[in-house]
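Please treat every number below as a calculation from the coordinates, not as lab data. Fair warning: this is a prediction, and the values are worked out from it, not measured in the lab. Every residue, glycine as well, gets a Cβ built from its backbone with ideal geometry; the counts of neighbours run over all protein chains shown.
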Amino acid sequence: MFQHKDWPLWVLLVLFVISAIVIYPYLPEQVPSHWNLEGEVDSYSSRAFGAFFPPSLALGMYLLMLFIPRLDPKGANYIKYGKAWDAVRWSLVLFMLLIGLITWATALGWPVPVSKIILAAVALLFIVLGNYLPKIRYQNYTLGIRTPWTLESEVVWRETHRLGGLLMVVGGFVALFGLLLSDKAAFILLLLSIFIPVIIATVYSYIRFNQLGK
């Protein structure tokens, strides 16, 4: 089940767990757990939760994605994705690691521009996922743009993912412009950059399915 090529990720996860143990005594009793649109902390968690939940979440994400191909009825297709599936797994786990580091840094009082970092991270994640989305050429029930029409037609699946991938990459770059805007405006731009590509790809899959006369 465990893949030897993931060894750099294993090292990062182990270091993340060790860091949680080391940093625990230095964290305050209340650790930030949520930020509002202005980048201000509006919710807190306990010291233990703040220290150990981030590495637990990252490790859980990694393990979940190892099991997904076994749980998916079309799990055999994951082998055909090649590096695309690996890129998706790595990107999501690294994103979880980054969120944990931001939480700790904020709790320790470091001047971290939380909203800007998260915006950039989400936008870059969208760009990476969009780049690899067209390479998910075979249907599955977990990863990709799963509509009734893409799951019914292999042609619609592939064409929708080519279009969706392009739109996601464009959306990611558009979202990066939010770094120049206020936090609230940047958040709105990020939401539009995420949801508009999804909506367009979904509508396209319906139209293309009907064009093929399925």
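A few points about this structure:
- Rounded to the nearest 20 debye, the dipole size of the stretch 1-112 about its Cα centre is 640 debye, using +1 on the Cβ of Lys and Arg and -1 on the Cβ of Asp and Glu.
- Here the residues Arg70, Arg162, ranked from fewest to most Cβ neighbours within 10 Å of their Cβ, fall in the order Arg70, Arg162.
- If the convex hull is drawn through the Cα atoms of the stretch 1-112, its volume per residue in Å³: 126
- Rounded to the nearest 10 degrees, the inclination of helix 154-176 to the longest alpha-carbon principal axis of the chain is 40 degrees.
- More than 19 Å apart - percent of Cα-Cα pairs taken over the stretch 113-214: 44
- If a spin label sat at a point 7 angstrom from the Cα of Asn36 along the line to its beta carbon, the backbone N atoms of the stretch 185-209 nearer than 20 Å would be those of 185-191.
- Rough spin-label spacing in nm, given labels placed 7 Å along Cα→Cβ, for Arg162 and Val11: 3.9
- Full extension of the segment from Leu124 to Tyr141, taken as 0.36 nm per residue of separation minus the current Cα-Cα distance, would add 3.7 nm.
- Extreme residue, positive dipole direction of the chain, given options Val203, Ala107, Phe177 (C-beta unit charges): Val203
- Per-residue ellipticity at 222 nm, computed for the chain from helices alone with -39500 (n - 2.57) per DSSP H run of at least four residues, works out to -23500 deg cm²/dmol.
- The angle between the Cα long axis of helix 114-132 and the main principal axis of the chain comes to about 30°, on a 0 to 90 degree scale.
- Longest exposed-site-free window of the chain, the sites being GluC sites (Glu not before Pro) in a DSSP loop that have at most 15 other C-beta atoms within 10 Å: 41-214
- Note on the chain: Cα convex hull, mean projected area over all directions, 12.6 nm².
- Nearest-ten-degree value, helix 183-211 long axis tilted from longest Cα axis of the chain: 20
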